[in-house]
């Protein structure tokens, strides 16, 4: 293992302190480095809180700021944040209009956010706390960490659109309904070319041959649909876009948001190549790409590979996507 590291036990806190110092105009670090919050909170709006295991950066801390999240709770690498972390973040960002938890569909995340909501009771936001669960992965119906579909890169789309709507003053019930709508309109699938190395483990978390790929891999390295021989980018894109289109069924038409997301070790040259292949396939099938995003946004440490996310988007969703956003990882319209 070759990594810039002092001690696996302190790596997360050291990284968060560096992150908060680098982006002090946007975020501040909660006491004990339990959470990241907006540096300039906005009272009177619904506060959006998300979180999950570290190792997926910039998800979630990189999406804290204007037009996205109010707070993010990072757990240890690939480990859910604790209920105490979530409660502390909720107390810090409660602006009086309620709280919305955005939670990826993994058993640890679901359980701990639910426990945090129970602990908060009526004492935070007057008990006005709602949850949106993301489960956009079409690869498998259930996996190592989840009952039902996994929440993966589509979480970014949900956080972005809800962040814009919250900034515009939508109330808690409207935001929860919008989040569920965006999640239902979003599908993702990933492919791994290599494994990743968890710092505390010091070795790859799974073995894969030089000529093999994992189609449908999870963001923690969970097995996907099948292990297959490496093929051309066009062939892989056709498999991925086909899986998404098949899952949408008759809804696979009209304008879409297309996100091609890197897992941490794939260069931009390859990601843009995959974007071009995915876009051609979508448009050939009658789906017009209205908005695009390409880059490393929901990673898996140093895994080589990428995911494709497609969101069915009408004019209203595109307008929310275009609204001003100013975070460490996403910035436009400001």
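Quick one: what does P(r) look like for the chain with 10 Å bins over all Cα pairs, in whole %?
In order of increasing distance, the bins hold 6, 28, 36, 23, 7, 0 percent.
Considering only C-alpha atoms, what is the centroid distance from segment 13-39 to segment 314-328, in Å?
That distance is 25 Å.
What would the Debye formula give as log10 I(q)/I(0) at q = 0.10, 0.13, 0.19, 0.20 Å⁻¹ for the alpha-carbon point model of segment 11-184, no solvent?
Results for segment 11-184 at q = 0.10, 0.13, 0.19, 0.20 Å⁻¹ read -0.32, -0.55, -1.25, -1.39.
Suppose a student asked you for the relative contact order of the chain, using Cα pairs under 8 Å spaced at least 6 residues apart; what percent would you report?
With pairs under 8 Å counted, the relative contact order is 18 percent.
Taking the mean number of other Cβ atoms within 10 Å as a proxy for protection, how do you rank 202-212, 286-296 from highest to lowest?
286-296, 202-212
Need one number: nm distance between label points at residue 235 and residue 5, each 7 Å from Cα along Cα→Cβ, rounded to one decimal.
If labels sit at residue 235 and residue 5, their model points lie 3.5 nm apart.
At a 10 angstrom cut-off on C-beta neighbours, averaged per residue, how do the peptides 220-226, 40-46, 160-166 rank from highest to lowest?
160-166, 220-226, 40-46
Between residue 268 and residue 250, what is the label-to-label distance in nm when each label sits 7 Å out along the Cα-to-Cβ direction?
Going by the 7 Å Cα→Cβ label model, 4.3 nm.
Could you tell me the center-to-center distance, by alpha carbons, between segment 101-164 and segment 204-237 in angstrom?
26
State the extension gain, in nm to one decimal, for the chain segment bounded by residue 181 and residue 228, taking 0.36 nm per residue of separation less the distance between their alpha-carbons.
13.5 nm is the gain from fully extending residue 181 to residue 228.
Can you figure out the FRET efficiency of residue 291 with residue 326, using R₀ = 25 Å and their beta-carbon distance, to the nearest 0.05?
0.90
What distance in nm separates the simple spin-label points at residue 28 and residue 203, each placed 7 Å from Cα in the Cβ direction?
4.5
Over the Cα atoms, compute the radius of gyration (one decimal) and Dmax (the largest Cα-Cα distance, rounded to a whole number) for segment 186-314, in Å.
Using the Cα atoms of segment 186-314, the pair Rg, Dmax is 14.4, 46 Å.
What number, rounded to the nearest 500 deg cm²/dmol, is the helix-based mean residue ellipticity at 222 nm of the chain, given -39500 (n - 2.57) per DSSP H run of at least four residues and division by all its residues?
Taking each H run of at least 4 residues, the total per residue is -10000 deg cm²/dmol.
Please state, rounded to one decimal and in Å, the Kirkwood hydrodynamic radius that segment 89-247 gives when every pair of distinct Cα atoms enters the mean of 1/r.
Its Kirkwood hydrodynamic radius stands at 17.5 Å.
Taking Cα pairs under 8 Å and at least six residues apart, what relative contact order does segment 10-110 come out at, in percent?
30
Could you order the peptides 170-181, 12-23 from most to least packed, using the average number of other C-beta atoms within 10 Å per residue?
170-181, 12-23
What percent do you get for the relative contact order of segment 11-184 when only Cα pairs under 8 Å and 6+ apart count?
Once normalised by length, the contact order is 21 percent.
Taken together, the values in this text are just the output of simple stated rules run on the coordinates, not laboratory data. Because the structure is a prediction, the values reported are computed rather than measured. Positions of Cβ are generated from backbone atoms using ideal geometry, with glycine treated the same way; all protein chains shown enter the neighbour counts.
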